[in-house]
1. Restricting attention to the stretch 131-149, which residues are at pLDDT below 85 and not in a loop (DSSP other than H, G, I, E, B)?
2. Name the single residue, out of those in the stretch 66-108 being small (Gly, Ala, Ser) and farther than 21 Å from ILE51 by Cα, that is nearest to the chain's Cα centre (by Cα).
3. Tell me the residue from LEU429, LEU441 that is of a type in the set (A, V, I, L, M) and buried (at least 16 other Cβ atoms within 10 Å of the Cβ), please.
4. Kindly establish whether ASP432 is outside any helix (DSSP H, G or I) and either within 19 Å of the chain's Cα centre (by Cα) or closer than 22 Å to ARG310 by Cα (or both).
5. Here are LEU268, LEU287: which of them is over 24 Å from LYS428 (Cβ atoms), modelled with pLDDT of 90 or more and exposed (fewer than 14 other Cβ atoms within 10 Å of the Cβ)?
6. Would you mention how many residues in the stretch 107-123 are part of a helix (DSSP H, G or I) and either crowded, with 16+ Cβ neighbours inside 10 Å or of a type in the set (Ser, Thr, Tyr) (or both)?
7. Scan the stretch 295-312 and report the pairs whose first residue is assigned by TED's automatic domain parsing to the domain that holds ARG384 and whose second residue is among the polar types (S, T, N, Q) and surrounded by 12 or more Cβ atoms within 10 Å (Cβ to Cβ), with Cβ atoms within less than 9 Å and a gap of 6+ or a chain change.
8. Do the conditions hold for LEU157, that is, is it under 29 Å from the mean Cα position of the chain (by Cα), assigned by TED's automatic domain parsing to the domain that holds GLN16, in a helix (DSSP H, G or I) and among the hydrophobic types (A, V, I, L, M, F, W, C)?
Amino acid sequence: MVRVFRHHIPVGTIIQLLADAGIFLGSVLLGVYVQLAPYGASASAVFEAGIVFALLMLALNSAFGLYRRDEAVTFAVIVGRLLLALALGSPLAYLLFYLMPGGQSAQMVLGYTLLYAACGQILLRQVMFTARSAGIGARRVLIVGVGTEAKTVEESLKTLGYPRYAVVGFYQAGAGEASALPSTQRVYARENDFIELVRRLRVQEVIVAVREQRGGILPLRELLECRINGIPVTDLAGFYERVRGEVPVESLKASWLIYGQGFAQDGLRTVIKRAFDIVASTALLVLASPVMLLAAAAIYLESGMPIIYRQERVGRGGRTFMCLKFRSMRADAEKDGVARWAAAGDSRITQVGRIMRKTRIDELPQLINVLRGDMSLVGPRPERPCFVTELKEQIRFYDVRHSVKPGLTGWAQVRYSYGASVEDASKKLEYDLYYVKNHSLFLDFLILVETVRVILFREGVH
């Protein structure tokens with residue numbers, strides 16, 4: 001893993017990005033060389049056009065989730081998304097080439113460029129799938145613990161893309177530790193020499209999957225020796241933060257929040273984020289204004305007024321504000337005054353509202369909240385005061401998410417499906433805590449790119 005502005009990015013993802021960039025740039029140069037070189041055209045003349053094409057396609061691939069490691073998708077789905085990105089990128093690339101030096105040559109060979117790029121990307125993914133299946137480049141991991149946490153860690157590692165983690169065994173932390181693993185699992189008893197086991201299994205990382213660590217249950221001296229000898233030792237909180245982009249609430253301690261790195265709320269960061277919110281929300285309001293006018297007309301024609309729904313939500317520091325949304329439910333959805341979670345197939349949602357929710361059009365008026373300063377473009381989802389009171393009583397550290405402004409989109413929104421229960425809220429809090437701890441403009445940009453994927457593939461919609 002490589003930390004970029006406090007966000008963890010797998011080395012494999014960086015290599016894949018660079019490989020794709022080379023494929024896209026090479027496709028433009030190869031297209032000109034093969035098709036136009038006999039007529040005197042030079043591949044070097046379209047180098048700038050190739051760079052622009054590579055950047056455009058990398059952005060589209062990212063928006064389609066092609067660089068996520070924690071999403072288990074089939075090879076056919078990946079190929080489909082690759083081809084869809086190329087189909088969407090081709091007209092955009094054609095227009096951009098028109099504005100660039102040497103762009104006319106790039107336009108003439110765009111069809112060949114797309115063919116070369118498609119073949120190169122599919123071949124690269126096939127090589128990656130083959131290497132993953134064969135275990136090539138897998139990082140050998142020893143898990144300390146045999147309980148529920150250890151089983152969950154192993155299941156999480158199985159969902160990762162290439163290069164993956166290979167669990168070589170489980171080391172029993174304590175004699176009385178209850179095992180949640182099948183009897184066929186490779187489990188090593190506490191009597192085994194830990195250091196010798198690490199050497200024999202050629203372990204490259206140790207993950208401590210034990211929630212209760214008091215009472216001498218862990219082989220601390222041996223773990224320290226591993227660390228000194230260059231073998232990383234990771235606890236549960238560190239593992240989930242680094243690999244899954246979340247902070248597990250159940251294993252979290254107040255001391256980790258107090259003394260741990262991150263949770264930066266400095267003035268410069270606040271000013272830069274506010275400036276970005278103002279510029280971006282203004283531009284989005286201008287671009288989205290035709291869609292917003294059509295949505296307003298559709299709501300009025302189907303169910304009359306009101307068009308805009310105002311609802312009290314909790315913002316930064318626990319202060320409340322009126323959140324603006326296009327009305328997607330019947331006007332009498334809560335005529336009894338009782339707040340309810342939205343559910344799948346909710347009968348209160350209108351036909352127009354159902355379409356708006358699937359495309360997230362109903363949330364566009366929140367851009368006005370962003371301009372007002374009530375919200376940010378990126379941050380935890382704002383909840384209603386009655387739900388916040390309930391969740392604070394049932395979920396530890398829930399109030400930490402209110403240390404930043406709520407967002408129109410966020411890390412939890414793009415990483416987890418729509419939440420409609422206390423259990424869902426607890427899971428989404430784990431992603432919110434990761435964002436609060438590691439938030440930066442770089443992470444905000446990644447979230448905005450992933451939001452496109454969520455909208456395109458209608459993920460997490462109710």
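The values are calculated or read from the model by the stated rules, or taken from the named source; none is laboratory data. Note that the coordinates shown come from a computational prediction; the quantities given were computed from them, not determined experimentally. Cβ placement follows ideal geometry from the backbone for every residue including glycine, while neighbour counts extend to all protein chains displayed.
1. The answer is ALA131, ARG132, SER133, ALA134.
2. ALA72
3. Numbers: LEU441 fails: buried (at least 16 other Cβ atoms within 10 Å of the Cβ).
Of LEU429, LEU441, the one residue that is of a type in the set (A, V, I, L, M) and buried (at least 16 other Cβ atoms within 10 Å of the Cβ) is LEU429.
4. no
5. Details: LEU268 fails: modelled with pLDDT of 90 or more.
On inspection, the qualifying residue turns out to be LEU287.
6. Total meeting the criteria: 11.
7. ILE299/SER328; ILE299/THR350; GLU302/THR350; SER303/THR350; TYR309/SER328; GLU312/THR320
8. Against the criterion (under 29 Å from the mean Cα position of the chain (by Cα), assigned by TED's automatic domain parsing to the domain that holds GLN16, in a helix (DSSP H, G or I) and among the hydrophobic types (A, V, I, L, M, F, W, C)), LEU157 does not qualify.
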